[in-house]
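Asks: Supplied in structure tokens, the structure appears directly below.
The values are calculated or read from the model by the stated rules, or taken from the named source; none is laboratory data. Quick caveat: nothing in here was measured; it's all calculated off a predicted structure. Counting neighbours? That spans all protein chains shown, and the Cβs are built from the backbone with ideal geometry, glycine included. Only protein heavy atoms, including side chains, enter the accessible area calculation; ligands, DNA and RNA are left aside. Shrake-Rupley method; radii C 1.70, N 1.55, O 1.52, S 1.80 Å.
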Amino acid sequence: MSSSDRSHAVDVQDAKTYEVRTYGCQMNVHDSERLSGLLEGAGYVRAPEGSDGDADVVVFNTCAVRENADNKLYGNLGRLAPMKTKRPGMQIAVGGCLAQKDRDTIVKKAPWVDVVFGTHNIGKLPVLLERARVQEEAQIEIAESLEAFPSTLPTRRESAYAAWVSISVGCNNTCTFCIVPALRGKEKDRRTGDILAEIEALVGEGVSEITLLGQNVNAYGSDIGDREAFSKLLRACGRIEGLERVRFTSPHPRDFTDDVIAAMAETPNVMPQLHMPMQSGSDTVLKAMRRSYRQDRFLGIIEKVRASIPHAAITTDIIVGFPGETEEDFEQTMHAVREARFSAAFTFQYSKRPGTPAATMEGQIPKEVVQARYERLVALQEEISWDENKKQVGRTLELMVAEGEGRKDGATHRLSGRAPDNRLVHFTKPDQDVRPGDVVTVEITYAAPHHLLAEGAVLDVRRTRAGDAWDKRNAARAAKPAGVMLGLPKIGAPEPLPVMTGSGCGCD
């Protein structure tokens, strides 16, 4: 090893480490990729996986949509306080929606925090950390409007084969349960040319699946005055050579027009998958939520999608126990679920979002009533999910091999992958080498409510440029000194959409 090589190795080993903890929606996950990219551009390296706060910089990218979001944050900050006392120079930063909302409160409650930044100025994090270090005092900087579109910032993509691509930020809706518009601002659309240029660059790096991301993704174009801009964007994605799979999340029924359905059906690389939040099946509750559609309109969209894309997997979000929800209202939700036959659902018990109109509405539902309704809904959706998955048995499907999706894969000698409709499939490990990003063809032999099995031999293996990119990334990591950039990526293709417990954003 030359003297310059030895010097470089020492420099990398001595570099400051960082950890980013992400809470909330896909937009936050994508923002965290940007935060990681910014920090690495400033010379930091990712702390080893499982370091649990034992890093030089710990960043919390927060969510404000849960009732107890602040308690969770301050509890985590409290656990870091003694660690910071023992580690001179350690810094803690808090960003995201809760930071945008609470601002000065965070430093008052946790004076050991060094930086507070909002949703509109994530690009300032390295500067704010350095300023806090030099001035030896907390830096609070909350921009009221977007300073730079997130996708113009450096990024550390968590997957070699799949990527998020943000097409808009903010939201123009006024749903009474959602605080996102107040924290993310009005919708701002990105230029179509910039979106396509980013996708083409990603494909050039080996990415074969992209997910278009927006708070209200199919409203894309409202900022530029083109109501068909989103369907045109989907069709344009279909013309990008090497791009095998296109997904998007999350659309709003209000903006789900026939041209979008046609673009999905007619563009081969747009996957037969739709996640569209229903929130409630009751017209009365939908009105109280300020949702601009009713049950008939929602089910009509589902019917049109299934007529054009027969094998589409449709998933949704549902809130149980919204203020004023009667038993009759809840039965309307159950009816809509039976009619729609979602392949899976995020189901949430309503919780107050401070700062939203719904938080102060009359008719707040007792916890025990909400819990009982929630359990009935989960049981119904579980039954439907299983029935819909059983219809997949006997089908031959192409799977994109995934990384870290099957917790039991090692013990069962299986690998995991995603079907075109995003269903999770565990399949028998073939004799030949298969990498994340490669494509295998299998026959489905068994169905469970939340996954499928292909227990026979793999019918075909197609090695891909995405798999090559995964090999290249892991070879580069292995070549770096121990302790730097450890751990395999956990975020890439969007997570499955199972029945979920607790509370969540549900803001689309």
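Asks: How large a share of the accessible area of the chain, in percent, is made up of carbon and sulfur atoms when the probe is 1.4 Å and the other protein chains stay in place?
Replies: Carbon plus sulfur share of accessible area: 51 percent.
Asks: Further question: Could you tell me what a quarter of the Cα convex hull surface of the chain works out to, in nm² with one decimal place?
Replies: 24.5 nm²
Asks: Sticking with this structure for a sec: What is the distance in Å between the Cα centres of the stretch 382-454 and the stretch 210-229?
Replies: So the separation of the two Cα centres works out to 31 Å.
Asks: Moving on to the next point. Could you work out the relative contact order of the stretch 269-382? I mean the mean sequence separation of Cα pairs under 8 Å and 6+ apart, divided by the number of residues, in percent.
Replies: 30 percent
Asks: Treating only the Cβ atoms of Lys and Arg (+1) and Asp and Glu (-1) as charged, compute the dipole magnitude of the chain about its Cα centre; round to the nearest 20 debye.
Replies: That gives the chain a dipole magnitude of about 600 debye.
Asks: May I ask you to list the trypsin sites (Lys or Arg not before Pro) in the stretch 150-239 that are in a DSSP loop and have at most 15 other Cβ atoms within 10 Å of their Cβ?
Replies: Taking the stretch 150-239 and a limit of 15 other Cβ atoms within 10 Å, the loop trypsin sites (Lys or Arg not before Pro) found are K186, R191, R227, R239.
Asks: Once the cut-off is 14 Å, how many percent of the Cα-Cα pairs in the stretch 296-342 end up in the long-distance tail?
Replies: 55 percent
Asks: Can you tell which of M361, C63, M264 lies farthest toward the positive end of the dipole of the chain, using +1 and -1 charges on the Cβ of basic and acidic side chains (Lys, Arg; Asp, Glu)?
Replies: The listed residue farthest towards the positive side: C63.
Asks: Right, here's the next one. How much net charge surrounds E241 when only other residues with a Cβ under 12 Å from its Cβ are counted (Lys, Arg +1; Asp, Glu -1)?
Replies: Summing Lys and Arg as +1 and Asp and Glu as -1 gives 0.
Asks: How much length, in nm to one decimal, is gained on full extension between V127 and A236, taken as 0.36 nm per residue of separation minus their Cα-Cα distance?
Replies: Gain on stretching V127 to A236: 35.5 nm.
Asks: Tell me, what is the percent relative contact order of the chain, built from C-alpha pairs under 8 Å that lie six or more residues apart?
Replies: Once divided by the residue count of the chain, the mean separation gives 14 percent.
Asks: Simple spin-label model, 7 Å along Cα-to-Cβ: A448 to S308 in nm?
Replies: A separation of 3.5 nm, rounded to one decimal place.
Asks: Per 5 Å bin, what percent of the C-alpha pairs of the stretch 339-461 does each bin hold, from zero upward?
Replies: 2, 10, 18, 16, 13, 10, 9, 8, 7, 5, 2, 1, 0
Asks: Have a look at the stretch 203-298 and give its Rg and Dmax from the Cα atoms, expressed in angstrom.
Replies: Over the stretch 203-298's Cα set, Rg and Dmax evaluate to 14.8, 49 Å.
Asks: Contour minus end-to-end for D226 and T284, with contour as 0.36 nm per residue of separation and end-to-end as the Cα-Cα distance?
Replies: Gain in length upon complete extension: 17.7 nm.
Asks: Efficiency by 1/(1 + (r/R0)^6): what FRET value for A475 and H413, r their Cβ-Cβ distance, R0 = 30 Å, to the nearest 0.05?
Replies: For A475 and H413, the calculated efficiency is 0.75.
Asks: If you line up the Cα atoms of the stretch 141-268 on their principal axes, what length do they span on each, largest first, in Å?
Replies: 40, 38, 24
Asks: A further question on this structure: Give the accessible surface of the chain per residue, rounded to a whole number of Å², with probe radius 1.4 Å and ligands, DNA and RNA excluded.
Replies: Using a 1.4 Å probe on heavy atoms only, each residue of the chain averages 42 Å².
Asks: Net charge near G37, counting Lys/Arg +1 and Asp/Glu -1 over other residues with Cβ under 10 Å of its Cβ?
Replies: Every neighbour counted, the sum reads +1.
Asks: Testing the spin-label approximation: label points 7 Å from Cα along Cα→Cβ at E327 and V369. State their distance in nm.
Replies: Between E327 and V369, the simple spin-label model gives 1.1 nm.
Asks: So how much slack lies between K390 and E455, counting 0.36 nm per residue of separation and subtracting their Cα-Cα distance, in nm?
Replies: Working it through step by step, the gained length comes to 21.9 nm.
Asks: Okay, moving on. Diagonalise the Cα gyration tensor of the stretch 71-213 and give the resulting equivalent ellipsoid semi-axes, square root of 5 times each eigenvalue, largest first, whole Å.
Replies: 31, 20, 14
Asks: Continuing with this model, one more query. Run the helix sum for the chain: -39,500 (n - 2.57) per DSSP H stretch of 4+ residues, divided by residue count, reported at 222 nm to the nearest 500 deg cm²/dmol.
Replies: -11000 deg cm²/dmol
Asks: Let me ask something additional. Compute the distance in nm between two label points, each set 7 Å from the Cα along the Cα-to-Cβ direction, one at D259 and one at K72.
Replies: Once both label points are built, they end up 3.8 nm from each other.
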